[in-house]
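Okay, structure first, notes after.
The values are calculated or read from the model by the stated rules, or taken from the named source; none is laboratory data. Values in this document were obtained by computation on a predicted structure and should not be read as measured data. Please note: Cβ atoms are built from the backbone with ideal geometry, for glycine as well, and neighbour counts cover all protein chains shown. Note: areas computed on protein heavy atoms with side chains; ligands, DNA, RNA excluded. Shrake-Rupley method; radii C 1.70, N 1.55, O 1.52, S 1.80 Å.
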Amino acid sequence: MTIAVASGKGGAGKTSLTSAIAAAFGESCVVADCDVDAANGAIALGALPWESEPYFAGPGFSIEIAACIACGACAEACRFGAIRQRPGGNSYAIVPELCERCGACVDRCTAGAIVTSEKEAGRLFVSDTRLGARLAHAELLPGEDTSGKLVRKVRERADRLAGHEGIVLVDAPPGIGCPVIASLTGTECVVILVEASVSGIRDAKRLIELAASMGRKMVAVINKTGLDTAMDEEARAAVREAGLPLAGEIPFDPSLRSAEERGMTWLNVEGAAGDCVRAAIAALRSLVDSYGRR
Amino acid sequence: MSEISRVIIAVASGKGGTGKTTIASHLALAGSMKRAAILVDLDVEAPDSFGYFPAAAPLGPPEAVSVRLPTVDAQRCLGCSHCAKVCRFGALIAIGGVVTIDERTCKGCGRCVASCPAGALIEQDLEVGETRAARSGTLVLLEGRMKVGDIRSTAVIEAAKKRAERSGVALEVRDCPPGTSCPAVHALAGANYLVLVAEPTEFSLHDLGAAIELAMSLHIPAGVILNKDGFGSADVESFCAARRVPVIGRIAFDRKRAQKGVAGMLWQEDQEMMACMDAVLASADTAMRFCVPAEEGGKP
């Protein structure tokens, strides 16, 4: 069974909540950290990597200066603005960060100056964690594309670790783009983490629309309540209007932050904020169980 | 060296939720007191900067952003499946000589269209998002908004950048998406200066490191704002010093600011905040005097 935690907005508390849920599930679960270009699961869970492999995004292109006749056909063919004239004007160059690797330039180059090359775009890791849960995670090198493809690799690795009986917890990236779609695909349930703020609610609504269009079952958790009661009420209304069950609410409380600094997850925080976390996770587990049985 | 007539400051972070939109909005606001300024929201999957300006008046109707996607003219198609072979995205599938196009995964690169020997692929516009403009006092607001369910965020980002350029406004402040992959790269490309917003947590530091690397590979001079100072105990200052990136501003964490933040209210009367924004604008001006704009291919 696979459960994703997503929020739309960044910084809503996805990784923290995922870690707390992982602590509750313990050894039976595998966390898939799918926020591959801002991966914090390894820090939150105290990862001890025991396996790593290079990730190749697919061949990229570059222009050999000596062969380039500076005709400019490649730049004309490129729709992504990734090909520019080199200073001096005697040749062209591909800006790797902007290149989509479509290869349209190769077809147009009459000089055969465009060559393909394969380089490591990141690494994929499998780790043990101090919580007992195992972790599949990755580091995409800054500026690399194809994060959706790497998300699929992380998911595959997590699925293999979990086997048929295990639980996979997907920590999704922010936004609603391709790595998010790759994170939600094939999950039994999506935990929609709504930050009780103007932007948190707005972004959650877009995410709910996306997850609904993908036919996902959803459960909501509201985070950072207690700062503004009107905003808390708006978050509840958004969850209600979307027809989602609300598993619980977690207050904005410095004790949660400081517990993480001491290497704990939210699950083990003493006091009222910790009680809210435990209640939300208990409710989540029973809701998710009922989805799993259906 | 020549004066830079248009200044583009990008606000990014790596990690989400560190305060990019808050900083970008206030930076644009502070800038608009002295010159014409535009705030461009390039977090097209989750655009939130308009939320700070609820009274802004729309500037014309939204403009649609489209990509050109191929469709198959079955009358002309030879069934050679050459198009499916050249597509690097797996967006064209040829089974038994019949080509189908998955318009969700097609990036609109046009390679298949150019390579079809029969001219059987005809391109049509598909809407992937829109840009909207508004005015709040002297500040112009612009946002890119990707359609829910689409994945072509970079097309929307580029369209918003072009529309901002058309406006010709002297100071452009970009609110960038989180992360360091394609959407962030497109949002940063062409900026003269990068403001990285960090909070004192281990999560933020890790992602800040990646964002600094990206800035270096794009040759954009950068400075860091330490936001929510006191919220956690991670040492942003030493982290930045080790990477030779200056800390150009500090904003202390306080519950009142957090409350304003969740309610989407500006902190204009917050003197510490506005003084910090003025200092950041000054840092950007200084840094740019020593650098050639990234767009012109120069290195610092």
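Collect the residues in segment A:13-50 that are out of contact with any Asp or Glu (no Cβ under 7 Å at 6 or more places or on another chain), of a type outside the set (A, V, I, L, M, F, W, C) and assigned to a helix (DSSP H, G or I), keeping them in residue-number order.
A:S19, A:G26, A:E27, A:S28
Just for segment A:116-151: of the residues that are of a type in the set (V, I, T) and in contact (Cβ under 8 Å) with a residue 60 or more places away in the chain, which one is farthest from the other protein chains (Cβ to nearest Cβ)?
The extreme case among them is A:V126.
Please determine whether any residue of segment A:85-104 is more than 10 Å from chain B (Cβ to nearest Cβ), hydroxyl-bearing (S, T, Y) and farther than 19 Å from A:A32 by Cβ.
yes
Are any of the residues in segment A:254-268 at the interface with another protein chain (Cβ under 9 Å from one of its Cβ atoms) and of a type in the set (A, V, I, L, M)?
Within segment A:254-268, not a single residue is at the interface with another protein chain (Cβ under 9 Å from one of its Cβ atoms) and of a type in the set (A, V, I, L, M).
Test B:A184 against the criterion of being in the same structural domain as B:S283 (by TED's automatic domain parsing), touching a residue at least 60 places away in the same chain (Cβ under 8 Å) and either in a helix (DSSP H, G or I) or over 21 Å from B:D43 (Cβ atoms) (or both), and give yes or no.
Taking the combined requirement at face value, the residue satisfies it.
Quickly run through segment A:166-188 and pick out the residues that are open to solvent by 10 Å² or more (accessible area, probe 1.4 Å) and among the acidic types (D, E).
A:E188
Which residue out of B:L27, B:L39 is within 23 Å of B:A187 (Cβ to Cβ) and in a helix (DSSP H, G or I)?
So the residue among B:L27, B:L39 that is within 23 Å of B:A187 (Cβ to Cβ) and in a helix (DSSP H, G or I) is B:L27.
Answer with yes or no whether A:A67 is outside the structural domain of A:V288 (by TED's automatic domain parsing), outside any helix (DSSP H, G or I), free of Cβ contacts under 8 Å to residues at least 60 places away in the same chain and exposed (fewer than 15 other Cβ atoms within 10 Å of the Cβ).
So A:A67 fits the description; yes.
Any idea which residue in segment B:161-180 is least open to solvent (accessible area, probe 1.4 Å), counting only those that are away from chain A (no Cβ under 11 Å) and either in a helix (DSSP H, G or I) or farther than 23 Å from B:T18 by Cβ (or both)?
B:A164
Of (1) of a type in the set (A, V, I, L, M, F, W, C); (2) at pLDDT 95 or above; (3) in the same structural domain as A:F125 (by TED's automatic domain parsing); (4) surrounded by fewer than 24 Cβ atoms within 10 Å (Cβ to Cβ), A:C34 satisfies all except one. Which?
With respect to (1) of a type in the set (A, V, I, L, M, F, W, C); (2) at pLDDT 95 or above; (3) in the same structural domain as A:F125 (by TED's automatic domain parsing); (4) surrounded by fewer than 24 Cβ atoms within 10 Å (Cβ to Cβ), A:C34 is out only on (4).
Taking segment A:147-165 as the region of interest, how many residues are touching a strand residue (DSSP E or B) at 6+ places or on another chain (Cβ under 7 Å) and open to solvent by 10 Å² or more (accessible area, probe 1.4 Å)?
Counting residues in segment A:147-165 that are touching a strand residue (DSSP E or B) at 6+ places or on another chain (Cβ under 7 Å) and open to solvent by 10 Å² or more (accessible area, probe 1.4 Å) gives 6.
Yes/no matrix, rows are residues, columns are (1) open to solvent by 20 Å² or more (accessible area, probe 1.4 Å); (2) farther than 21 Å from A:R278 by Cβ:
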{"position": "A:E195", "(1), (2)": "no, no"}
{"position": "A:A230", "(1), (2)": "yes, yes"}
{"position": "A:R236", "(1), (2)": "yes, no"}
{"position": "A:L246", "(1), (2)": "yes, no"}
{"position": "A:E249", "(1), (2)": "yes, no"}
{"position": "A:S255", "(1), (2)": "yes, no"}
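Among the residues of segment A:167-225, which ones are hydrophobic (A, V, I, L, M, F, W, C) and at the interface with chain B (Cβ under 9 Å from one of its Cβ atoms)? If you could, list the steps in order and put the result at the bottom.
Going residue by residue through segment A:167-225, those that are hydrophobic (A, V, I, L, M, F, W, C) are A:167-170, A:172, A:176, A:178, A:180-182, A:184, A:189-194, A:196, A:198, A:201, A:204, A:207-208, A:210-212, A:214, A:218-222.
Correct list: A:I176, A:C178, A:V180, A:I181, A:A196, A:V198, A:L207, A:L210, A:M214.
Just one of (1) open to solvent by 10 Å² or more (accessible area, probe 1.4 Å); (2) touching a helix residue (DSSP H, G or I) at 6+ places or on another chain (Cβ under 8 Å); (3) facing chain B (nearest Cβ under 9 Å) trips up A:A42, so point out which.
(2)
Would you list the strands (runs of 3 or more DSSP E) that sit entirely within segment A:80-141 and hold 2 or more residues that are open to solvent by 30 Å² or more (accessible area, probe 1.4 Å)? Don't jump to the end; show me each part of the working.
Numbers: elements: A:83-85, A:92-94, A:114-117, A:120-129, A:134-140.
The strands (runs of 3 or more DSSP E) meeting that bar are A:83-85, A:114-117, A:120-129, A:134-140.
Which one of the conditions (1) assigned to a loop (DSSP other than H, G, I, E, B); (2) modelled with pLDDT of 95 or more; (3) open to solvent by less than 20 Å² (accessible area, probe 1.4 Å); (4) of a type outside the set (G, A, S) does B:E45 fail to meet, given that it meets all the rest?
The single condition B:E45 does not satisfy is (3).
Can you tell me which residue within segment B:181-199, out of those that are surrounded by 24 or more Cβ atoms within 10 Å (Cβ to Cβ) and within 10 Å of chain A (Cβ to nearest Cβ), is farthest from B:P62 (Cα to Cα)?
This residue is B:E199.
Hey, among B:L139, B:L121, which residue is outside the structural domain of B:H219 (by TED's automatic domain parsing) and touching a residue at least 60 places away in the same chain (Cβ under 8 Å)?
Every option except B:L139 fails the conditions.
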